[in-house]
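Okay, structure first, notes after.
Where a number appears in this text, it was derived from the coordinates with a stated rule and is not lab data. Quantities reported herein were computed from a predicted structural model and do not represent experimental measurements. With ideal geometry, Cβ positions are generated from the backbone for all residues, glycine too; neighbour counts draw on all protein chains shown.
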Amino acid sequence: MKRQAAKDAIICSDVGDHIYWFYKRFVCEEQQTFLCANMAGMGFGLPAAIACQFARPHKQVIALTGDGGFGMVGMEFTTAVHNRLAITVILFNDGKLKNIMKEQEGYGYPEYRVSFPNPNFAEFANSAGGLGIRVSNPKELDDALREALNSSQPSQVKLGGYPPKSDARTA
């Protein structure tokens, strides 16, 4: 994402396992980041990106979210489509609430109710009128991000997970 994101992009993120990797690997230059860390607000990334795009229509706005957070507020993607907001959602899809799982493990409890099936999020984005791209091979990631970030419509890049890898790309 660092190679494709604008130097003055606005990046909004949900809490979750993906955020650890983002803040370890993405060194912000002039980018602004927004994270709802108070009380671990899952589902913050997408609505925050929509609000930021309304407030700063000429900025590149990116939402980082896991499938848990997106599952809570994903229908707001249709709000972005309806309002022609060119946000890009980067969706980390592993079918699990990993932070909750780690807490369970940390307390010595067995994994309980943190796994779930997901729909094809790329197909959802396309059916909503946006651009949906599913990436299952890391070699496809740069091109997928470039396409999404350069799109004039709301876009979503779904990384890994469900559905099975045979459905490698929907556009």
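Quick check: residue separation of Lys24 and Tyr107 times 0.36 nm, minus the Cα distance between them. What number comes out in nm?
27.3 nm
Hey, can you rank 48-61, 87-100, 120-133 by average C-beta count inside 10 Å, highest first?
Averaged packing, sorted descending, gives the order 87-100, 120-133, 48-61.
Taking the dipole about the Cα centre of the range 9-109, with the C-beta of Lys and Arg at +1 and of Asp and Glu at -1, give me whichever of Thr78, Ser13, Pro57 is farthest to the positive side.
Farthest towards the positive end: Pro57.
Label-point separation (nm) for Glu140 and Ala55, each offset 7 Å from Cα along Cα-to-Cβ?
According to this spin-label approximation, the distance is 3.5 nm.
Greater than 24 Å separation of Cα atoms is the criterion. Which listed pairs, Lys59/Lys98; Lys2/Lys96; Lys7/Lys98; Lys7/Lys102; Lys24/Lys96, meet it?
As for pairs spanning more than 24 Å Cα to Cα, those are Lys59/Lys98; Lys2/Lys96; Lys7/Lys98; Lys7/Lys102.
So what are the chain's ellipsoid semi-axes, whole angstrom, largest first, if each one is the square root of 5 times an eigenvalue of the alpha-carbon gyration tensor?
24, 19, 15
Considering all alpha-carbon pairs of the range 58-125, what whole percent are spaced by more than 18 angstrom?
Cα-Cα pairs in the range 58-125 separated by more than 18 Å: 46 percent.
How much net charge surrounds Val73 when only the other residues with a Cβ under 15 Å from the Cβ of Val73 are counted, with Lys and Arg +1 and Asp and Glu -1?
Result for the neighbourhood of Val73: -3.
For Asn150 and Val114, what is the calculated FRET efficiency with R₀ set at 22 Å and r taken between the beta-carbons, to the nearest 0.05?
Efficiency at R0 = 22 Å is approximately 0.05.
If you take every DSSP beta bridge fully contained in the range 10-159, what fraction is antiparallel? Give it as a percent rounded to 5.
Approximately 5 percent, going by the DSSP bridge assignments.
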